[in-house]
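Just below is one structure, and these are the notes that go with it.
Laboratory data are not the source of any read-out in this text; all were calculated from the coordinates shown. These numbers come from a predicted model, not from an experiment. Note that we place each Cβ from the backbone using ideal geometry, even for glycine, and neighbour counts take in every protein chain shown.
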Amino acid sequence: MLEDFRVLPRCPGKGWPLEVLKQTNLDLSLPNGTPVDTSSPASSSSLLNRLQLDDDLDVETRDLFVTVDDPKKHVCTMETYITYRVTTKTTRAEFDLPEYSVRRRYQDFDWLRSKLEESQPTHLIPPLPEKFVVKGVVDRFSEEFVETRRKALDKFLKRITDHPVLSFNEHFNVFLTAKDLNAYKKQGMALLSKMGESVKYVTGGYKLRSRPLEFAAIGDYLDTFSLKLGTIDRIAQRIIKEQLEYLVELREYGPVYSTWGGLEGELSEPLEGVSACIGNCCTALEELSEDMTEDFLPVLREYILYAESMKNVLKKRDQVQAEYEAKLEAVALKREDRPKVPTDVEKCQDRVECFNADLKADMERWQNNKRQDFRQLLMGMADKNIQYYEKCLTAWESIIPLLQDKPETK
Amino acid sequence: MEDCLAKKMEITVSEAEKRTGRNAMNIQETYTAYLIETRAVESQSEGQCAPVESLWRRYSEFELLRNYLSVTYPHIVVPPLPEKRADFVWHKLSADNMDPDFVERRRIGLENFLLRVASHPVLCQDKIFYAFLMQEGGWKEMVNETGFQLKADSRLKALNATFRVKNPDKRFTELKHYSDELQSVISHLLRVRARVADRLYGVYKVHGNYGRVFSEWSAIEKEMGDGLQSAGHHMDVYAASIDDILEEEEHYADQLKEYLFYAEALRAVCRKHELMQYDLEMAAQDLTSKKQQCEELATGTVRTFSLKGMTSKLFGQETPEQREAKIKVLEEQIQEGEEQLKSKNLEGRDFVKSAWADIERFKEQKNHDLKEALISYAVMQISMCKKGIQVWTNAKECFSKM
C-alpha cells in the first residue's frame, strides 16, 4: 500500500490529488487502520527510520498534508485574538479520518511546539514566528501582519509534517485533529509529565569534558551562521527603511513636474508625462518594499530562530553526554569493587549515541532545507528587484515618444 | 541667426586654474581663472587652420560682462551665469566652490553662457562681448568707459515702479507672474531632486553591505559558498554603480538650474518694462498737472485746493504781467513735456516690440532645451534601470547555482 504512494506525483503547494487520496484511503482503511509495518515510527533510535528519512528527501513521498489558512479575528470581552484554520489531509493509519479541519490560535501552536520540544528532546524543532511584536510599530491585527504570521505558521507545520519522526508525534496528531484542544491540554498535564521524565537531565555538577569534533564544528557553524544572518537581517531592514524614505521623496518629486506642467504650454504634456512616470516608479518601489517586508524578512527571521533551536538541541546533547561521562567516571572509581559496567551506564551510552544520530540526521536535513530555502529566497529577492527595474524601465521608455513627438520648434 | 558670432567662431572654455593673487584691498585671495579659447571658422574653408586665440578670465569678469549686457540690452533675456556657489546639491557633493567637480561643472556652465551670448542675434554683435573674447588687457577699462553703470537703475526706483505703475501691461504682468512661478517650481524641483538623489544613494550603498556579509558567510558554507561569494561581488558592483549615475544626473540638475536663473533674467526684463511704464506715467502726470496750472492761470479759477490758491488768496492777485510770464513758461514746459512724452511713448513701444520678440525667441529656446533635458533625463533613468536589471540578473544566476 505504501508503495503506491511513492509514485504519487508530488503536489506542489496546497494541491492534493483528492481522487487518488480517496481511493487509496479506502484501500488502506480495510485492515482496520493498522499499518503493516509496526515498528514505531516515533522511536527516534530507529535506524530504519533515519534511512527512510534520507530517501524521503529525494523521492518526496508524502502521505500527510497540512495547510494553515483562513485567519479569523475573534473579539471577546476578555481578549481579541486570531484563529487560523488548520486543514489536514492524510492517508496515515494514525488518523481516523482522511481529512480534518480545526481552528487554532497562536498559543495552540506555541503549546504544540513546547510539547514537541519536551517529548522529542533529541530533535530539532522548527521555530515559531516570534510571539511579541514591538507595540505601536506593527498592528497585530493588520492584514499584512496576520498574513505574514499565517505563512510562518504554515511553514512551521509543513516542516513538522516533512519530518519523519516529528510528524508521528502524538501531540502533533492531537493538535491536527482534536475538536477541543483545551480539554486535551488539561487532561494531558499529568500524563505527559511522565514522558518528560525520560529526558530530564542531571543538572549541574557535571561538566562536559569535550564536545566531539563534529559537534563542535556544528556549534561553530551555527554561531557564525546566526551572526551573518543577523547582519543580513539588519541590512535588509535598513534597505527597506532607505527605500521607504526614497519613496517619500519620490512621491513629492513627481507632482512637482505636474505643477510645472500647469505653468507651461508646449511643455505641459512632457512634464505631465514625467510626473506620471515617476508615479509608476513609486508604485513599483512600493511593491518591492512590500515584498521584501512580507516575504524576505520573515524567512530570514525563521532561520535565525531555527539556528537558536539547533543550538538548544546541541546543548541538550552536551548535557546527555556529560551525564554519561560522569557516570562512567563514577564507575571507573569503583571498578575495583565491581568489575561489571552497570546497565544504567550502558543505557546512558545508548542515549548519547541515539541523540548523536538524531541530531546529525536533523542537521543534515536542516542543511538541505536551508540550502533550498536560501536559494529560493535570494533568487526571489533578485527577481523582485529585476521586476522593479523592469517596471521602471517600461515607464521611462514609454514617455520617450511623448517627449520626442512634438515637432521641433525652429 | 545666420551671421551670429557662434557661426563664425569656435568658442570654448577649455581649462580652469586655481590662482592666488591680491585684490583691490591688497589682500591675498584665491580664485579660479578660466581659459577661453577662440578660433575663427571662416578661414578653415580657405584651407588654412586659423590660429587659436586664448586668454584667461575670472568669474568676476564674466559677472561684469553679464551686468554690462543686461543694462545695455534691457529688452533682452540675457543668458544667466552658472551659480557662484554650489547649491541644490545632494550631500555627497561638496558645496565648496574650489571643489574640482564643482569647478569643472562651472567651467561647462561658463562655456555654455558664452555660446548662448554668441548665438544670440543681438548680443553676439556687441563690441564689448567681442573684446571679452579677444582682448585680455584693458577690457575692464573699456567696459567702464561705456558708462553703463550710470544707466543702471537703482533698486529703490525699481521698487517704486513696481508699486506705483497705474496701467501695467497685462502681458508683462503675466510674464512676471510666470517667472516667479517658474523660479519657485524649479527651485522646489531641484531641492526635492537633491533629496531623491540622497535617498537613492543610500539604497544603493546599503546593498554594498550584502557584498561583505555574503563573502563572510560563504566561508562557512560548502555547496552554497561559491554562489554566495560571487553574488556578493555583484552587490559590490551594484553599490558602486550609483556614483556614476548620480554624477550624470548632476548634469541634468545643471540644465534645470540654468532655467532657474533664466527666470530671474526674464523677470529683469519685466522690471525694466515696469520702470519704463512708470517713467511714462510720471511724465504724463506731470504734463497733465502743468496743463491744469496753465488753465487755472488763464481762467483765474482754482479747481482744486492748492497751496498756490491759498497764497493768492492771502497775498492778493499777481499782476497780469507776472501771470503772462508764468503762462509762457508753463506753455514752453508743456510743449517740451509733450515731446518728451511722445518720445517716451515711442521708446516704450519699441521696447515692448523688441522685448516681446526676444521673449518669443526665449520661449522657443526654453521649450526646445527643456524637452532635450527631459529626454536625456529619461535616457539616464533607462540606463540606470538596465544596469539594475543586469546586476540583479547576474546575482540571480549566482544564487541559482547555490
At 222 nm, what helix-only mean residue ellipticity would chain B give, in deg cm²/dmol to the nearest 500, using -39500 (n - 2.57) for each DSSP H run of four or more? -24500 deg cm²/dmol
For the stretch B:66-80, just list the computed ³J(HN,Hα) in residue order, Karplus coefficients 6.51, -1.76 and 1.60, θ = phi - 60°, integers in Hz, with x standing in for Gly and Pro. 5, 4, 4, 5, 6, 6, 6, 10, x, 8, 10, 6, 6, x, x
Residue (of A:Phe374, A:Tyr221, A:Met292) at the positive-pole extreme of the stretch A:215-405, dipole from beta-carbon charges: A:Tyr221
For the stretch B:235-245, in order, what is each residue's ³J(HN,Hα) by Karplus, 6.51 cos²θ - 1.76 cosθ + 1.60 with θ = phi - 60°, in whole Hz (x at glycine and Pro)? 5, 4, 4, 4, 4, 6, 5, 5, 4, 5, 4
Reach of A:Lys360 by Cα under 17 Å, taken over lysines that are not fewer than 8 positions away in the same chain: A:Lys311, A:Lys315, A:Lys316, A:Lys370, B:Lys222
With labels modelled as points extended 7 Å from the Cα through the Cβ direction, what inter-label distance (nm, one decimal) is found for A:Glu170 paired with A:Asp350? 1.9 nm
Can you compute the charge dipole magnitude of the stretch A:215-405 about its Cα centre, using +1 on each Lys and Arg Cβ and -1 on each Asp and Glu Cβ, nothing else charged? Give it in debye, rounded to the nearest 20. 1560 debye
Using amide H atoms built in the peptide plane, which far-off residues or other-chain residues are under 5 Å from B:Thr32 H to H? B:Arg19, B:Tyr59
Step through the residues of the stretch B:172-181 one at a time and calculate ³J(HN,Hα) from phi using the Karplus curve (6.51 cos²θ - 1.76 cosθ + 1.60, θ = phi - 60°), rounding each to whole Hz and writing x for Gly and Pro. 6, 4, 5, 5, 5, 4, 4, 4, 4, 5
Most exposed first by the Cβ proxy, i.e. fewest other Cβ within 10 Å, how do A:Arg113, B:Arg105 rank? A:Arg113, B:Arg105
Ranking B:Met384, B:Leu374, B:Leu341 by how far each Cα lies towards the positive end of the charge dipole of chain B (+1 on Lys and Arg Cβ, -1 on Asp and Glu Cβ), the top one is B:Leu341
With a 10 Å Cβ neighbour count serving as the proxy for reagent exposure, in which order, fewest first, do B:Glu221, A:Glu79, B:Glu83 appear? A:Glu79, B:Glu83, B:Glu221
Taking the Cα centre of the stretch B:1-152 as the origin and placing charges on Cβ (Lys, Arg +1; Asp, Glu -1), which of B:Ile36, B:Val103, B:Tyr130 is farthest toward the positive end of the dipole? B:Val103
Cut-off under 5 Å, modelled amide H: who pairs with B:Met9 long-range: B:Val41
Taking amide H positions as placed 1.01 Å from N in the peptide plane, with prolines and chain starts having none, which residues 5 or more places from A:Arg140, or on another chain, fall under 5 Å of its amide H? none
Suppose we take every Cα in the stretch B:323-402 and form the convex hull; what volume per residue is that in Å³? 81 Å³
As a footprinting exposure proxy, order A:Met292, B:Met276 by other Cβ within 10 Å, with the fewest listed first. A:Met292, B:Met276
With the convex hull built on the Cα atoms of chain B, state its orientation-averaged projected area in nm². 32.2 nm²
